[in-house]
Amino acid sequence: MKSISKLRIFADPNGSGKTTLYESIQSIYFSTRLFVNVDRIEQAFRQTHFLDFSEFRIKTSDLGFQSFCRKIRLYIKANFDDVAWDLKVIGNVLVSENAVLQTQYNSYHFAIVADFIRDLLIQSEIPFSFKTVFSHAGKLEQIDLALSHGYKIYLYFIGTETPSMNNGRVSDRIKKGGHSLSPEKIKDRYYLTMNLLLTILKKVDEAYLWDNSGERHEYRGKLNESTKSVTTSL
C-alpha cells in the first residue's frame, strides 16, 4: 500500500517567527527532511553561484524550468525579460545564463525558484516542508495541487497581536544581515495573511497555532480536520 506524502507548511506574517519555530520543533515532532526555504536558496546561490536541484531530490531540464517560471504571476509582476532573468539549468544545476552580465539578482528570482521546486516536489509526491507568508491568494493554488496529489497537509501558523511587533523584529533581523522589508509592506502583508488564514485552515488536515507576541512563542491550539474543533493547551 502506497504511503501518504506529507506537506508541512510554516506560515506567518513577515517577522512573526516561522523559521525559528521550524528550527525549534523540527527535530522533536517530525522527520520531514526537505525544507524549501527561499532565504537559504538565495543565500546558497549568492555564495556559490549555482543551485543543484538534486539536493531537493528533483530532476529537471532547462525547458521544464523556463516553461514553469516564465508563466507564473511573479515573473510577470517583476517585469523580467531574458536579460534580467539570466537563469538557466545545465545538468540539473541552476546557474547564471551569462556570467559576464553580473546580474543583480533579487528576491523575486529566488521566490520563483522556490515556487518551481515546490511544484516539482508535489508533482513527484515527495514529502517536504516549506515556509511562506501566504500574503497572496495565489499561494493557495499549491495547497490545492498538493491535495489533488493525495498529500496530508499540516499547517504550523505563528502570529502576533499587531504588525508593529513584526516591524520591530524585521528591523532586528536587518541589523543581523537579514533581508529588508519596508514597514508599509510588513503591515500590508500582515493583514493579507491574517485575512487568508481562515481559508487556509479549511483546506489543511491539521493546523497548529502559536502566538509570538511575547518574549517566546506560545502554543495556542490544534485544529483537527476530523473534528473541526480546536484543542487548546490551556
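Report, to the nearest 10°, how far helix 183-203 tilts away from the longest principal axis of the Cα atoms in the chain, using its own Cα long axis and a range of 0 to 90°. Orientation of helix 183-203: about 70 degrees from the principal axis. With every protein chain left in place and a probe of 1.4 Å, what is the accessible surface of Thr162, to the nearest 10 Å²? Its accessible surface works out to 50 Å², give or take rounding. Straight Cα distances below 16 angstrom link Lys6 to the aspartates and glutamates Asp119, Glu125, Asp144, Asp205, Glu206, Glu225, with same-chain residues fewer than 8 positions distant left out. Note on the stretch 5-72: Rg/Rh from C-alpha atoms, Kirkwood Rh, equals 1.01.
For the chain, adding -39500 (n - 2.57) for each run of n ≥ 4 DSSP H residues and dividing by the number of residues yields -13000 deg cm²/dmol at 222 nm. Between Pro163, Pro183, Pro13, the GNM of the chain built on Cα springs shorter than 10 angstrom shows Pro183 fluctuating the most. Projecting the Cα atoms of Tyr154, Gly221, Ile126 onto the dipole axis of the chain, where Lys and Arg carry +1 and Asp and Glu carry -1 at the beta carbon, places Gly221 farthest toward the positive end. Just want the answer: with Cβ charges of +1 for Lys and Arg and -1 for Asp and Glu, which residue in Asn37, Gln47, Thr60 is farthest toward the dipole's positive end in the stretch 17-146? It is Asn37. Note on the chain: with a GNM built from Cα contacts shorter than 10 Å, the maximum mean-square fluctuation among Asn37, Asn224, Asn79 falls on Asn79.
Projecting the Cα atoms of Leu94, Ile200, Met165 onto the charge dipole of the chain, computed from C-beta unit charges around the Cα centre, puts Ile200 farthest toward the positive end. Computed on the Cα trace of the chain, the radius of gyration divided by the Kirkwood hydrodynamic radius gives Rg/Rh = 0.96.
Can you say what percent of the DSSP beta bridges in the chain, counting only those with both residues inside, are antiparallel? Round to 5.
Approximately 45 percent, going by the DSSP bridge assignments.
Over the chain, with a Gaussian network built from C-alpha contacts below 10 Å, which listed residue (Leu140, Leu63, Leu223) shows the highest mean-square fluctuation? Maximum fluctuation in the GNM of the chain, among the listed residues, is at Leu63. Nearest 10 degrees, 0 to 90: what angle lies between the long axis of helix 18-29 and the longest principal axis of the chain (Cα atoms)? Orientation of helix 18-29: about 70 degrees from the principal axis.
Placing a label point 7 Å from the Cα of Ile4 along the Cα-to-Cβ direction, the residues of the stretch 118-139 whose backbone N falls under 17 Å of that point are 125-129.
The values are calculated or read from the model by the stated rules, or taken from the named source; none is laboratory data. What you are looking at is a predicted structure, and each value in this text was computed from that prediction instead of being measured. Backbone-built Cβ (ideal geometry, glycine too); neighbour counts: all protein chains shown. We work out accessible area using only protein heavy atoms, side chains counted, and drop any ligands, DNA or RNA first. Shrake-Rupley method; radii C 1.70, N 1.55, O 1.52, S 1.80 Å.
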